[in-house]
Amino acid sequence: MLNATTLPGNPRLTFQTTSCRQDSVFRLRRQSVNINAAAGVATAPSIDTQTHITNLNRVLLKTSPTTHSPSPSLFNNHEQNNATPATSTATNRFNVLNISNLFPSLRVEDTIDKYSPRSLTHLHRLLSDSPRSSPKSSIASHWRLLHGAQNWSGLLDPLNENLRRELVRYGELIQAAYTAFYSNPDSPRHVVLNDRNYRVTRSLFATSSVDLPRWLNAAAAAALPSWMMSSTSMIGFVAVCDNAREISRMGRRDIVVSLRGTATALEWAENFRPALQPISESDTAKVSSGFYSLYKTGGAKTTSLSSTVVEEVRRLVEKYKGEELSITITGHSLGAALAQLVADDLATEIEAAPPIAVVSFGGPRVGNRAFAERLEGKGVKVLRVVNAQDVVPRVPGVLPRVREEGYSHVGVELRVDNRVSPYLRPDADPACCHDLEAYLHLVDGFMGTKCPFRANAKRSLARLLSQQRPNMKKIYVSRATAVELEAGHTGRVGGIHQGCLASPSG
């Protein structure tokens, strides 16, 4: 069933959205008919899930050579890194993915496991490091709406497919900031972007003003690597879309500020300074003193994050003056908090600034209600992607004293939930619930608040598996291990890719 949704204020722009429940039933029935046709079995369109699984297994047994596949019992949730099955060959790629084990229909409590991949090839690709490019439609005529001109009204629930792609794109730019830092934290390397449409123009550094007691500083220096105790660290970068075709598709040249989350000990120390401080003497807007310190403090060899980002974005706006421009600040965790401070500064310091939007993942509260009103009054649009199980977006403001100070969130919220994912355990730990790749996985599968996980989600699970194996359902960990073994037999070292994966979000 198709519903036509017309965005407010733009009667010409109509998006087609699908009723989630009916679409899921139709898709399952259609897939079941196709599979049974391949097996030579005649059946009615109302075939149930169990029959669908049985028929698909029949096809696999008929078309695949008989081989011994690793037993899933060999791989339990906490031992998968050390487990090594006795035998595995490159030809058993499909046998090891015996999908009947993926759908334990006899257990009521595992109903969420009845997630039916469209094909075995599809599941194999999700578990491998072979992403496919995403087809991207033109958004030139409505980029302002996707950038928050009307506060994303009508685009979030159900989630617009073009907006989904944009959110994943910005999340991967944050991952590039993390990778650039962790690849060599003592001396960060050149930032490498998976999205070749963007070009990095400047690296960004943040400096902590926290002075640890001498005894604590000495103890930490002895126990931690030097970069963990560094007061100044690379925290992100400024980039600009530099591809003519992509600029045409997007309808403008996009300037991006990307900011990673907490990494060093002194950044953690700043996180635990929740007292609110005024932004200026003439304003009632207040923000966290720790976040503000990281944003405004200069280092011995670097200017403050505030000065650097304003200077670089102003330069780019001037360089491309006369073009259609947008400014997007994106960040995760601490970076999400700093993104709001950057947006406030840019809206204040850049004359006739292009549209400014913040896209954040797992961000904490930053300031009081007056600060939120200040941002909104400057026309800054903020979209916060929040995992319902993530504790970070609930702070500061949990402690009574801090709550009385009046911390408040800014902008519009897109709420996802890791319990809806058919791959993540419903009792995933707090680190997984806050993990950026977990966020992108959830965004890629999100259709709406009352909808199941998107059956045709294409984002590879490889990075999620490499970082969150203990929080993945064991059945997928076993399959992933088999894929890794198969990759080893084909001469590829490791089946799970450790770097940033290009998003094939469809």
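Summary table below
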{"read-out": "Identity of the residue in the stretch 312-345, in contact (Cβ under 8 Å) with a residue 60 or more places away in the chain and touching a Pro at 6+ places or on another chain (Cβ under 6 Å), that ends up farthest from Ser280 (Cα to Cα)", "value": "Leu325"}
{"read-out": "First in the stretch 151-175 and over 24 Å from Arg463 (Cα atoms), second anywhere and open to solvent by less than 10 Å² (accessible area, probe 1.4 Å) and part of a helix (DSSP H, G or I), Cβ under 8 Å, 6 or more apart", "value": "Trp152/Leu163; Leu155/Leu163; Leu156/Leu163"}
{"read-out": "Unmet requirement for Asp195, which otherwise passes all of (1) within 18 Å of the chain's Cα centre (by Cα); (2) assigned to a helix (DSSP H, G or I)", "value": "(2)"}
{"read-out": "Number of positions in the stretch 139-169 that are out of contact with any helix residue (DSSP H, G or I) (no Cβ under 8 Å at 6 or more places or on another chain) and open to solvent by less than 10 Å² (accessible area, probe 1.4 Å)", "value": "1"}
{"read-out": "Sole exception among (1) part of a helix (DSSP H, G or I); (2) hydrophobic (A, V, I, L, M, F, W, C); (3) more than 25 Å from Cys241 (Cβ to Cβ); (4) open to solvent by 10 Å² or more (accessible area, probe 1.4 Å) for Leu294, by number", "value": "(4)"}
{"read-out": "Test: residue in the stretch 127-143 that is modelled with pLDDT under 95, of a type in the set (A, V, I, L, M, F, W, C) and out of contact with any Pro (no Cβ under 7 Å at 6 or more places or on another chain)", "value": "yes"}
{"read-out": "The lone exception for Ser282 - which of (1) closer than 15 Å to Tyr170 by Cα; (2) open to solvent by 10 Å² or more (accessible area, probe 1.4 Å); (3) among the polar types (S, T, N, Q); (4) out of contact with any Asp or Glu (no Cβ under 6 Å at 6 or more places or on another chain) it fails", "value": "(1)"}
{"read-out": "Within the stretch 176-192, considering residues that are open to solvent by less than 30 Å² (accessible area, probe 1.4 Å) and under 15 Å from the mean Cα position of the chain (by Cα), the one farthest from Arg463 (Cα to Cα)", "value": "Ala177"}
{"read-out": "Residue list for the stretch 136-153, restricted to those being closer than 18 Å to Pro355 by Cβ and in a loop (DSSP other than H, G, I, E, B)", "value": "Ile139, Ala140, Ser141, His142, His147, Gly148, Ala149, Gln150, Asn151, Trp152, Ser153"}
{"read-out": "Single condition Asp283 does not satisfy, out of (1) out of contact with any strand residue (DSSP E or B) (no Cβ under 9 Å at 6 or more places or on another chain); (2) outside any helix (DSSP H, G or I); (3) closer than 18 Å to Asp211 by Cα; (4) not small (Gly, Ala, Ser)", "value": "(3)"}
{"read-out": "Only one of Val359, Val416 that is touching a residue at least 24 places away in the same chain (Cβ under 8 Å), closer than 29 Å to Ser248 by Cα and of a type in the set (A, V, I, L, M, F, W, C)", "value": "Val359"}
{"read-out": "Checklist (1) part of a helix (DSSP H, G or I); (2) of a type outside the set (A, V, I, L, M); (3) surrounded by 13 or more Cβ atoms within 10 Å (Cβ to Cβ) applied to Arg245, failing item", "value": "(3)"}
{"read-out": "The stretch 330-352, subset crowded, with 20+ Cβ neighbours inside 10 Å and of a type in the set (Gly, Ala, Ser), residue farthest from Leu440 (Cα to Cα)", "value": "Ala343"}
{"read-out": "Any pair with Cβ under 8 angstrom, 6 or more apart, that starts in the stretch 469-484 at a residue that is of a type in the set (Val, Ile, Thr) and open to solvent by less than 20 Å² (accessible area, probe 1.4 Å) and ends at one that is modelled with pLDDT of 85 or more and in a helix (DSSP H, G or I)", "value": "Val477/Leu465; Val477/Arg469"}
{"read-out": "Residues located in the stretch 358-380, provided they are assigned to a strand (DSSP E or B) and crowded, with 23+ Cβ neighbours inside 10 Å", "value": "Val358, Val359, Ser360, Phe361, Gly367"}
{"read-out": "Candidates Ala428, Ala438, filtered to the one that is open to solvent by 10 Å² or more (accessible area, probe 1.4 Å) and closer than 30 Å to Lys450 by Cβ", "value": "Ala428"}
{"read-out": "Qualifying residue in the stretch 250-257 (condition: part of a helix (DSSP H, G or I) and either open to solvent by less than 30 Å² (accessible area, probe 1.4 Å) or acidic (Asp, Glu) (or both))", "value": "yes"}
{"read-out": "Some residue of the stretch 320-329 being in contact with a Lys or Arg (Cβ under 9 Å, 6 or more places away or on another chain), modelled with pLDDT of 95 or more and open to solvent by less than 10 Å² (accessible area, probe 1.4 Å)", "value": "yes"}
{"read-out": "Residues of the stretch 258-279 that turn out to be open to solvent by 30 Å² or more (accessible area, probe 1.4 Å) and within 22 Å of the chain's Cα centre (by Cα), as a count", "value": "2"}
{"read-out": "Filter result for the condition that a residue is part of a helix (DSSP H, G or I) and hydrophobic (A, V, I, L, M, F, W, C), over Leu266, Leu212", "value": "Leu266"}
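Conditions tested, residue by residue: (1) more than 11 Å from Gly362 (Cα to Cα); (2) among the hydroxyl-bearing types (Ser, Thr, Tyr); (3) open to solvent by 60 Å² or more (accessible area, probe 1.4 Å).
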position: Arg384; (1), (2), (3): no, no, no
position: Tyr407; (1), (2), (3): yes, yes, no
position: Val410; (1), (2), (3): yes, no, no
position: Val416; (1), (2), (3): no, no, no
position: Gly445; (1), (2), (3): yes, no, no
position: Gly448; (1), (2), (3): yes, no, no
position: Ser460; (1), (2), (3): yes, yes, no
position: Ser466; (1), (2), (3): yes, yes, no
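A quick yes/no check of all residues on (1) free of Cβ contacts under 8 Å to residues at least 60 places away in the same chain; (2) β-branched (Val, Ile, Thr):
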{"residue": "Ala265", "(1), (2)": "yes, no"}
{"residue": "Ile279", "(1), (2)": "no, yes"}
{"residue": "Asp283", "(1), (2)": "no, no"}
{"residue": "Thr297", "(1), (2)": "no, yes"}
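The values are calculated or read from the model by the stated rules, or taken from the named source; none is laboratory data. Model, not experiment: these values are computed from the prediction. As a convention, Cβ positions derive from the backbone with ideal geometry for all residues, glycine included, and neighbour counts pool all protein chains shown. Surface areas here come from the heavy atoms of the whole protein model, side chains and all, with no ligands, DNA or RNA. Shrake-Rupley method; radii C 1.70, N 1.55, O 1.52, S 1.80 Å.
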